[in-house]
Amino acid sequence: MIAIGTHPAWHPVFESLGYVAGYLVFRRRRAQRGDPLDEAQRWTVIAAAAAGALAGSRLLGVAEQWPVVVRSLHEGHLLSLLLTPGGKTIVGGLLGGWLTAELAKRIAGIHARSGDLFVLPLCVGIAIGRIGCFVAGLADDTYGKATRLPWAVDLGDHVARHPVQLYEIAFLALLGWLTTRPWGWPEGARFRFFLAGYLAWRIAIDFLKPQPLMGGMSLIQWTCVAGLCALALGMAGVPGRVRRAGV
């Protein structure tokens, strides 16, 4: 077991670094590959995706803590729970951003697929943010279950745990590498591959996290299942309105 020095103050530091690094990678990728959208269209999509990501991340993050929410309702503290820092989730951010970006494109009459440029920035940004989750320790609520594996970590409570954040960093490195391979991807396929891959990963890896369960899985896992179903419907072309989905 490896003892890790942790402090919750590191989380916002690495979260901010993740945003900055993701934006810099986005600018570089855009300069290298070009952009199917013009400047005004791109920033419309970015603004919509950012708003949806913020709302989705917060709403699913709070809903995931449903036992705490129920207790807060009984005690009259729900507003303070909603306003406290933390309580966010990447899955809600990705799906919320995807939904609002597609809605903004439909309203603006934008038909080009526009999500491929976000794939590598998202992989980089999420990976850096996960470093913050790891060094924040138990306070971040993203730690793993107990294990006897030789690479288990002690986050300060003398319990040997799965380093699930490090597992995710390794997965994101693989996912980022795969989506940058010159395999003749059609426009939009990289984003759909990334989103499907990440949602499937979260269904699997979240079994190694101690979370409130509903029907054998956490709310985040069920949300991932719903996201994968939406992607599958879009790729199958049923119904017609879903056929055009896929940022």
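None of the figures in this text is laboratory data; all of them are computed from the coordinates on show. Treat the numbers as computed from the prediction; the structure is a model and nothing was measured. Heads up, the Cβs are rebuilt from the backbone with ideal geometry, glycines too, and the neighbour counts pull from every protein chain shown.
At full extension, residue 173 and residue 147 could sit 7.0 nm farther apart than now, given 0.36 nm per residue minus the alpha carbon distance.
What FRET efficiency do you get for residue 106 and residue 4 if R0 is 51 Å and r is their Cβ-Cβ distance, rounded to the nearest 0.05? Walk me through the numbers on the way to the answer.
Working: r = 46 Å, r/R0 = 0.90.
It comes to 0.65.
Within the chain, what is the longest stretch that has no trypsin sites (Lys or Arg not before Pro) placed in a DSSP loop and near at most 15 other beta-carbon atoms within 10 Å? Between the exposed loop sites, the longest stretch runs 1-144.
Extending 7 Å from the Cα toward the beta-carbon at both residue 16 and residue 47 defines two label points whose distance is 2.5 nm.
Think of each Lys and Arg Cβ as +1 and each Asp and Glu Cβ as -1; about the Cα centre, that makes the dipole of the stretch 85-161 roughly 220 debye. Among the listed options [x] 14.8; [y] 13.9; [z] 12.1, the one matching mean projected area of the Cα convex hull in nm² as calculated from these coordinates is [x]. For the pair residue 226 and residue 28, label points projected 7 Å from Cα toward Cβ lie 3.6 nm apart.
Just rank 167, 19, 198, fewest to most, by other beta-carbon atoms within 10 angstrom. Before the final figure, lay out each step's value.
Working: 167 17, 19 14, 198 23.
With the fewest neighbours first, 167, 19, 198 line up as 19, 167, 198.
Distance from the C-alpha centroid of the stretch 104-175 to that of the stretch 195-238: 15 Å, rounded to the whole angstrom. Projecting the Cα positions of 110, 160, 124 onto the charge dipole of the chain (unit charges on Cβ atoms of Lys, Arg, Asp and Glu, taken about the Cα centre) puts 110 furthest along the positive direction.
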